1. Tell me the label-point distance for the pair His49, Asp184, using the 7 Å Cα-to-Cβ offset, in nm and rounded to one decimal.
2. Which value, in debye to the nearest 20, describes the size of the charge dipole of the stretch 144-229 about its Cα centre when Lys and Arg Cβ atoms bear +1, Asp and Glu Cβ atoms bear -1, and nothing else is charged?
3. Grab the DSSP H runs of the chain that are 4 residues or longer, score each as -39,500 (n - 2.57), total them, divide by all residues and round the 222 nm result to the nearest 500 deg cm²/dmol.
4. In whole Hz, what ³J(HN,Hα) sequence does the stretch 165-182 give by Karplus (6.51, -1.76, 1.60; θ = phi - 60°), x for Gly and Pro?
5. Over 24 Å between C-alpha atoms is what I'm after, so list which of Lys157/Lys399; Lys344/Lys411; Lys266/Lys399; Lys340/Lys421; Lys344/Lys399; Lys421/Lys452 land there.
6. Would you work out what percent of the accessible area of the stretch 155-290, with all protein chains in place, is carbon or sulfur (probe 1.4 Å)?
7. Hey, can you grab everything whose amide H is under 5 Å from the amide H of Ala207? Only 5+ residues off in sequence or another chain; H modelled, so Pro and N-termini drop out.
8. With +1 on the Cβ of every Lys and Arg and -1 on the Cβ of every Asp and Glu, and nothing else charged, how large is the dipole of the stretch 227-272 about its Cα centre, in debye rounded to the nearest 20?
Amino acid sequence: MDAPRDDHRLAENRNGNSCDEAEGRLSKWPRPHPAPISAAEIAEEFSHHDPAVARVNNGSFGCCPASVLAAQLRWQRLFLRHPDEFYFSSLQPSLTRSRSLVLELINAAHLDEVSLVDNATTAAAIIFQHVAWSFIEGAFNAGDAVVMLHYANGAVKRSIHAYVARARGHVVEVPLPFPLSSPDEVVAEFHRTLGLCRARGRRVRLAVIDHITSMPCVVIPVKELTRICREEGVDQVFVDGAHSIGNVEVDVQDIGADFYTSDLHKWLFCPPSVAFLHTRGSSAATPRLHHPVVSHEYGNGLQLESGWIGNRDYTPQLVVPAVVEFVERFEGGLEGIRRKNHEKVVEMGKMLAESWGTLLGCPPEMSCSMIMVGLPGCLGVSSEIDAMKLRALLRDEFKIEVPVHYQSPPKDGEAAGATDKSGAMVTSYARISYQVYNVEDDYWRLRDAVHKLVRDGFNCIQSRYC
């Protein structure tokens with residue numbers, strides 16, 4: 001049941017940032033830690049992970065340390081202890097505190113530009129809902145286009161079709177090669193696609209650009225593509241950075257997109273699920289953006305609409321201060337975590353590629369805390385179903401969690417595909433992640449499991465799994 005709308009926003013004026021967490025509010029700045037977190041302390045923070053599993057897939061679901069989970073539990077108990085007091089006095093000022101910290105992390109210009117939502121999929125629905133309304137209300141013409149990358153997240157692709165195509169918008173995909181050797185390949189294909197839209201008389205109303213594509217995983221030059229959109233007259237740019245915050249630097253003012261979203265539970269240690277949506281204040285669309293779940297705050301601005309969508313658990317959005325305190329325990333803070341994760345995933349990726357006689361899917365500078373590593377061609381992965389079943393085999397038989405990407409062989413006229421040291425076509429890639437809880441043994445286990453499959457003559461065509 002929805003709580004009645006009241007002047008709970010006034011609580012922010014009554015309740016300053018100096019109050020402690022026991023009262024539902026957190027001090028403005030985290031306490032400094034005298035010494036960097038130790039390996040033993042990291043292990044303790046993630047001791048709730050299954051110790052039997054080599055978890056090299058932080059990218060899918062993220063992770064949350066015990067200290068942040070404890071903070072979330074305190075918030076949950078605070079709400080359950082006196083829900084009315086929590087709603088009227090604590091919720092909105094505490095959400096504002098989290099939004100303020102996100103503002104600092106992404107270099108947003110104003111707090112009103114930052115909203116907290118469930119996940120990047122929700123953020124995408126907010127943007128695509130606006131685009132659909134623009135078609136329905138006649139602001140956009142039937143046949144005007146929305147452009148997205150071919151390797152866009154599958155949920156985002158479906159959301160574009162659900163909102164935009166049904167409203168008579170035209171959806172255009174930018175084909176991207178893989179493996180990649182340079183960001184220039186991405187820029188060239190993007191430029192070519194916008195040129196084709198222009199030549200066919202299609203006005204591009206929105207470009208959807210991944211900051212980090214999911215499968216295959218590649219860091220996209222979003223600032224350059226946003227600049228191209230401005231030059232080509234694209235109305236608006238939406239950057240889907242689901243994997244970005246905590247993984248690569250995010251500076252929304254520097255990137256210059258109209259809209260930017262990223263999950264906080266993937267690489268920023270929040271519990272599931274929470275994301276931010278940044279809407280550039282100068283964008284004409286910003287006042288017309290609304291949360292798809294309509295509740296009492298409808299019409300009061302997206303940040304307030306998103307801050308109350310009915311009675312639910314808001315605690316994932318409230319623990320951002322605890323997350324900031326956690327990351328500050330690491331040498332170099334968040335930047336230090338990103339740097340080490342990137343260095344280690346590249347090191348482990350190169351080790352696996354050399355051991356398997358394959359290749360990396362992109363150069364290190366186009367990777368983040370995730371990287372694609374080619375699997376031996378003899379495994380016989382010939383479809384996305386095969387890739388999913390090989391992933392299940394590694395999970396069930398070897399206790400290794402790693403996504404597997406199927407890369408279809410090149411068609412006639414396309415550039416030759418990658419091959420392994422035996423000359424077999426590489427048709428599958430493992431997407432490995434590195435997060436602070438990972439150890440090298442996780443990747444050695446993956447290396448050895450693939451070697452065993454090769455030695456045993458495993459082939460997807462013959463396997464009960466495939």
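1. Each label point is offset 7 Å from its Cα along the Cβ direction, giving 3.9 nm.
2. Computed about the Cα centre, the dipole is about 540 debye.
3. Only helices count here, giving -12000 deg cm²/dmol.
4. Per residue, the Karplus-derived 3J(HN,Hα) values read 4, 5, 8, 6, x, 9, 9, 10, 9, 8, x, 10, x, 7, x, 10, 10, 7 Hz.
5. Result: Lys157/Lys399; Lys344/Lys411; Lys340/Lys421 exceed 24 Å.
6. 49 percent
7. Those lying under 5 Å, H to H, from Ala207 are Val147, Gln236, Val237, Phe238.
8. Using only the charged Cβ atoms, the result is roughly 180 debye.
The values are calculated or read from the model by the stated rules, or taken from the named source; none is laboratory data. Small disclaimer: the values here were computed from a predicted structure and weren't measured. Heads up, the Cβs are rebuilt from the backbone with ideal geometry, glycines too, and the neighbour counts pull from every protein chain shown. Calculation scope for accessible area: heavy atoms of the full protein, side chains included, ligands and nucleic acids excluded. Shrake-Rupley method; radii C 1.70, N 1.55, O 1.52, S 1.80 Å.
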